[in-house]
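In what follows, a structure is listed as structure tokens, so that the remarks can point back to it.
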């Protein structure tokens, strides 16, 4: 239940937004509670307009309202996921909408570094400093991402669907779109599967073709050379097995981790690509037959 003085505080802020302090940035925000330490119930407005970024609040006092206003997709098609740094402390994080607060992350939850997601339309982030006699070592810090709730591979991202991440095959249209628009796309084989937290398994992969990648998830080299290697996260229930043949591997990158999306067998994808090419239905052009070397790859 919302504490009465907090409810009164939020209502006053919403009624008198014009007197609050404002900070604006495109992707990330960094600020200090020392700027209004004498007014410990001040609330500052923060506006972020990117698909991903971070927030760092040193010596938190009072509160900040983080408004995410992306210039990309309609808000109805987006989730927001936030991941606190393990050293983050000093604040509770709520969802705020029309004066109502719903707890998203308690102060003690930050150290676990767990990802929390919500629909963008559910409200803004209300970050409330925990009253402290000594704020000198308190820093609230987290990363955020806007994640489409639909599209190739979205059903396999367990942070959005923690109880029901599905492993259903992608449709032909989803596969063709995934190879063009995913954060990474290539072909290769699955290696060893290690047990991971939160019903996710980090799976080693070796790629003989890499069409494109984001954030250098896969590295070039290895004992045999001419190979890309890395690891992708897969929900455990999807049952990935080592040495099960060559696959098209596509997926998305979230908080520096690669997550598997559409992954049909590579021969099936090649046949699909040829048929779509003959029909003029491919959304992009790739070389499905030859290997791509480190020198030829453009990220």
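Scanning region 46-61 for residues that are in contact with a helix residue (DSSP H, G or I) (Cβ under 9 Å, 6 or more places away or on another chain) and at pLDDT 90 or above, we see that the one that is surrounded by the fewest Cβ atoms within 10 Å (Cβ to Cβ) is 58.
From the residues in region 188-238 that are in contact with a helix residue (DSSP H, G or I) (Cβ under 7 Å, 6 or more places away or on another chain) and at pLDDT below 70, which one is farthest from residue 153 (Cα to Cα)? The selected residue is 199.
Condition test on residue 151, is it surrounded by fewer than 16 Cβ atoms within 10 Å (Cβ to Cβ) and modelled with pLDDT under 90? Spelling it out, it is not the case that residue 151 is surrounded by fewer than 16 Cβ atoms within 10 Å (Cβ to Cβ) and modelled with pLDDT under 90.
Number of residues in region 227-274 that are more than 19 Å from residue 212 (Cβ to Cβ) and either in the same structural domain as residue 115 (by TED's automatic domain parsing) or assigned to a loop (DSSP other than H, G, I, E, B) (or both): the value is 8.
The values are calculated or read from the model by the stated rules, or taken from the named source; none is laboratory data. Predicted model, so just to flag it, every value in this text is computed and none were measured. Quick reminder, even Gly has a Cβ in these numbers, built from the backbone with ideal geometry, and neighbours come from all protein chains shown.
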